[in-house]
Structures are given as structure tokens and as C-alpha cells.
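The values are calculated or read from the model by the stated rules, or taken from the named source; none is laboratory data. All values reported here derive from a predicted model rather than from experimental measurement. All Cβ positions, even for glycine, are placed from backbone atoms using ideal geometry, and neighbour counts span all protein chains on display. Side chains included, ligands, DNA and RNA excluded: accessible areas come from the protein's heavy atoms. Shrake-Rupley method; radii C 1.70, N 1.55, O 1.52, S 1.80 Å.
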Amino acid sequence: MRLRCMVAAGAAVLALAAVSGCGGSGSGDGNVPADGDGQSAGSGGRLMDSETNGRLSFPTMADIETFVSQRTTCTDLHMEDRDSENEDDPEAVGVGKLWGIKERGVCWGDDRNGVTLMSVDDMKSFQTQAKKHEPDGWYLLGEDFVVTGGSTTRADLKGSGILAFVCDAGDPIPSGYKKEKALVDGCTLTDFIS
């Protein structure tokens, strides 16, 4: 009787191991649950695929929020077309053609610093403006979205696949980090997030 129970238990363990090992595409670090299709569980968006040159792609604000929330705190998301401090500045970061931003929202991190999420439909326009205003790696980019936040948020997003947009030649990127050409001259996309 005991042998039959042990055989049944062993078969159950093998079946669970086989099911949990099939088709998963998680990062292996425990931060991104895998659903077997290259997507984070519940995100509805693409993590990486050939259409986006292997870069993170999240086409909706809900997808961006899920991605960020899986790695760091993002509470009380609310939509803001433009930062209230810069409402009168026509070149301030905001929804519209100048920056190429489709939607812009703000949530709060653990340190009570704002975390800005932006869905971008014209990344070249975004990078052109970002180069003029914040060339030092402040913006973290995916294929079609941008995130900014304080030091805690930035540290939590390291290793997630998101890349810093850097145009400051005086701030060299250390060896061993990814360096991709950005869409505007003199700028680089890197996984070195400081």
C-alpha cells in the first residue's frame, strides 16, 4: 500500500514538473511570470518579439503600468497630459505631436516620488525633444513607451530590458553594457541605468 502511494506521489510530482517547464518565457529571476507566449502574465502586451527588434513593447497604458508594477511600486495611476508645474511651457513634456506622446500618466513610488508612464506613438519625435531637454539618461525607453522616476524606481527597473536614453558624451557608458544607436544622432540606448 505504501509503495503504491509513493509511486502515485512521484508520478504527480513528475507531471507538475513537466507542466510547469513547458513553454515558459519568464526571465528566470522570479520577477516576470511566464505564460508561455513571451508575455508577462496578465499584461496583454508583448515583452519582446521580432517586430520590435527585441525591445520591450507595451502599446497600452495598462500594459505599461503592469510592467512597471511587476518590478517597483506604481500606485494611484492618474492621467496627466502635462506636468502641472510646466502647463504654460509650450515645449514641456506633454501629450501631442511635439513629443510624440499618445498618453501620459503619473503614479507614485515607495519613496513618494512620481513615476511617469508615457505611451509613445512617434519615438523619433520623443527622442528629438528628449535630447534637447534631458540628455543624461533620465528617460527609460521601450519600443513604444517611456518611464521616468526617482532613484528607487530606476534601480528597480535595472535588468528589466528597458534602456536609458543617453546623449551626454561626458558621461561614458562602462564596458560590458549594451550600447544601441538611438533614433537621433549623438544618442545611445543602454542598459546601464545609473
Could you please let me know if Met79 is modelled with pLDDT of 95 or more, touching a helix residue (DSSP H, G or I) at 6+ places or on another chain (Cβ under 9 Å) and surrounded by fewer than 17 Cβ atoms within 10 Å (Cβ to Cβ)?
yes
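Residue-wise test of (1) in contact with a His (Cβ under 7 Å, 6 or more places away or on another chain); (2) of a type in the set (Val, Ile, Thr); (3) farther than 20 Å from Ile64 by Cβ.
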{"site": "Leu98", "(1), (2), (3)": "no, no, yes"}
{"site": "Gly105", "(1), (2), (3)": "yes, no, no"}
{"site": "Thr116", "(1), (2), (3)": "no, yes, no"}
{"site": "Trp138", "(1), (2), (3)": "no, no, no"}
{"site": "Cys167", "(1), (2), (3)": "no, no, yes"}
For segment 162-179, which residues satisfy the criterion of being surrounded by fewer than 20 Cβ atoms within 10 Å (Cβ to Cβ) and within 30 Å of Met79 (Cβ to Cβ)?
Cys167
Scan of segment 151-182 for residues that are under 19 Å from Met123 (Cβ atoms) and over 18 Å from the mean Cα position of the chain (by Cα), ordered by number:
Cys167, Lys181
Filter result (touching a Lys or Arg at 6+ places or on another chain (Cβ under 9 Å) and either open to solvent by 30 Å² or more (accessible area, probe 1.4 Å) or part of a helix (DSSP H, G or I) (or both)) within segment 110-126:
Asp121, Asp122, Ser125
So Gln129 passes all but one of these: (1) part of a loop (DSSP other than H, G, I, E, B); (2) modelled with pLDDT of 90 or more. Which condition number does it fail?
(1)
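Residues checked against (1) in contact with a helix residue (DSSP H, G or I) (Cβ under 9 Å, 6 or more places away or on another chain); (2) basic (Lys, Arg):
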{"site": "Lys97", "(1), (2)": "yes, yes"}
{"site": "Thr128", "(1), (2)": "no, no"}
{"site": "His133", "(1), (2)": "no, no"}
{"site": "Gly150", "(1), (2)": "no, no"}
{"site": "Arg154", "(1), (2)": "no, yes"}
{"site": "Asp168", "(1), (2)": "no, no"}
{"site": "Ile173", "(1), (2)": "no, no"}
{"site": "Lys179", "(1), (2)": "no, yes"}
{"site": "Cys187", "(1), (2)": "yes, no"}
It is to be established whether one or more residues within segment 99-109 are outside any strand (DSSP E or B), open to solvent by 10 Å² or more (accessible area, probe 1.4 Å), in contact (Cβ under 8 Å) with a residue 40 or more places away in the chain and not aliphatic (A, V, I, L, M).
no
Taking Gly137, is it surrounded by 14 or more Cβ atoms within 10 Å (Cβ to Cβ), among the small types (Gly, Ala, Ser), modelled with pLDDT of 95 or more and farther than 13 Å from Arg55 by Cβ?
no
If I ask for residues that are surrounded by 23 or more Cβ atoms within 10 Å (Cβ to Cβ) and either assigned to a loop (DSSP other than H, G, I, E, B) or touching a His at 6+ places or on another chain (Cβ under 8 Å) (or both), which ones from segment 140-161 would you list?
Gly142, Asp144, Gly149, Ser160
